[in-house]
Amino acid sequence: MVSNIIGQGRQEEVLPLLRRIAGISFLVSACVFITLNIEPKLFLSIYGQGDEFIEEGIPVIRIVSIALLLMSIGTVWLNAVTGTGNTIVNLVIESITIVLYIIYVYLTLEYWNLSIVWGWGSEWLYWTSMFGMSFLYLRSGRWKNKNI
């Protein structure tokens, strides 16, 4: 949709479009978030692993479901960068994000030996940094001068 709008010469509509798409994505993800968090025991019980598994899994469900909300926005904005035609910027954003992710996971799980719940917190860093860099790039307007 972003490349289509740009191709039509309506660049000023890109950011409002992204806000609408991200809003829809967030609302759909929020429905899953609410469903998971209202009754996480029901969801975890489908694996048939017992009460200990369920109790240990609830904090992970909470962390991952929040990451789902972050992903719903971060993915939209990163795909918008792709839609501008600047794949180099997209590669740089993804590369930096992956390096941050790896460093976080290594420090959290190997160096500090924190619980797996904190390990799953890496998803917060991943989606937040991906969104942040994509947002800054798109807000800067540097993509407007890109010739496709």
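The values are calculated or read from the model by the stated rules, or taken from the named source; none is laboratory data. All figures in this text were calculated on a predicted structure; none of them were measured in a lab. Don't worry about glycine lacking a Cβ; one is built from the backbone with ideal geometry, like all the others, and counts go over all protein chains shown.
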Pairs returned, first residue in region 4-25 that is without any contact (Cβ under 8 Å) to a residue 60 or more places away in the chain and over 22 Å from G132 (Cβ atoms), second residue that is assigned to a helix (DSSP H, G or I) and β-branched (V, I, T), beta-carbon separation under 6 angstrom, 6 or more apart or interchain, are I5/V14; E13/I5
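In the set V105, V81, V76, which member is without any contact (Cβ under 8 Å) to a residue 24 or more places away in the chain, part of a helix (DSSP H, G or I) and within 19 Å of T128 (Cβ to Cβ)? Reasoning before the result, please.
Details: V81 fails: without any contact (Cβ under 8 Å) to a residue 24 or more places away in the chain; V76 fails: without any contact (Cβ under 8 Å) to a residue 24 or more places away in the chain.
So the residue among V105, V81, V76 that is without any contact (Cβ under 8 Å) to a residue 24 or more places away in the chain, part of a helix (DSSP H, G or I) and within 19 Å of T128 (Cβ to Cβ) is V105.
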Every listed condition ((1) under 22 Å from N4 (Cβ atoms); (2) without any contact (Cβ under 8 Å) to a residue 12 or more places away in the chain) holds for K144 save (2)
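Among the residues of region 127-148, how many are part of a helix (DSSP H, G or I) and more than 10 Å from I73 (Cβ to Cβ)? Walk me through it before giving the result.
Going residue by residue through region 127-148, those that are part of a helix (DSSP H, G or I) are 127-140, 142-145.
In the following step, the residues that additionally are more than 10 Å from I73 (Cβ to Cβ) were identified as 129, 132-133, 136-140, 142-145.
Adding up the residues that qualify gives 12.
Identify, from the list L27, L109, L91, the residue that is in contact with a helix residue (DSSP H, G or I) (Cβ under 7 Å, 6 or more places away or on another chain) and at pLDDT 95 or above.
Working: L27 fails: in contact with a helix residue (DSSP H, G or I) (Cβ under 7 Å, 6 or more places away or on another chain); L91 fails: in contact with a helix residue (DSSP H, G or I) (Cβ under 7 Å, 6 or more places away or on another chain).
So the residue among L27, L109, L91 that is in contact with a helix residue (DSSP H, G or I) (Cβ under 7 Å, 6 or more places away or on another chain) and at pLDDT 95 or above is L109.
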Output for Cβ contacts, cut-off 8 Å, separation at least six or different chains, first residue under 18 Å from A30 (Cα atoms) in region 40-66, second of a type in the set (F, W, Y) and part of a helix (DSSP H, G or I), reads V60/W120; I61/F43; I63/W120; I63/W124; V64/W120; S65/F33; I66/F33; I66/W124
